[in-house]
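For reference, the structure is listed below as structure tokens.
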Amino acid sequence: MGEVVLRWIARTRRSPDINATLIDAALREDADNVKYYKLEFRVESPSFRRHNVAVCCARDGKLYTMNAQAPESAWKAVQKEFFAMADSFSLVNDA
């Protein structure tokens, strides 16, 4: 799944020179059987280099995502917080 998402991100008509590289992917499941796909990836072009952590999940026919990104030069300073955000991302039940 991660490679499919990255191909979609990287292959836009407006920016054919954008490349995305999957670094890591993980899956977790909560008590309600919702599957959370965590992706760590890099997006690069001639004008920028960004590091991303994203989480995707679906419930009741809706897609939910969380994405955090930073310039590659700032990655070491923010990676711990980005992973904490991604690992804590979860859907809440409607009351």
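The values are calculated or read from the model by the stated rules, or taken from the named source; none is laboratory data. Please read these numbers as outputs of a predicted model, since none were measured by experiment. FYI the Cβ positions are ideal-geometry reconstructions off the backbone, even for glycines, and counts take in every protein chain you see. Only protein heavy atoms, including side chains, enter the accessible area calculation; ligands, DNA and RNA are left aside. Shrake-Rupley method; radii C 1.70, N 1.55, O 1.52, S 1.80 Å.
Overview of values
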item: Residues that are in contact with a His (Cβ under 6 Å, 6 or more places away or on another chain) and not basic (Lys, Arg), drawn from the stretch 29-82; result: Ala70, Glu72, Trp75
item: Count - residues of the stretch 32-88 that are among the aromatic types (Phe, Trp, Tyr) and either open to solvent by less than 40 Å² (accessible area, probe 1.4 Å) or in contact (Cβ under 8 Å) with a residue 60 or more places away in the chain (or both); result: 4
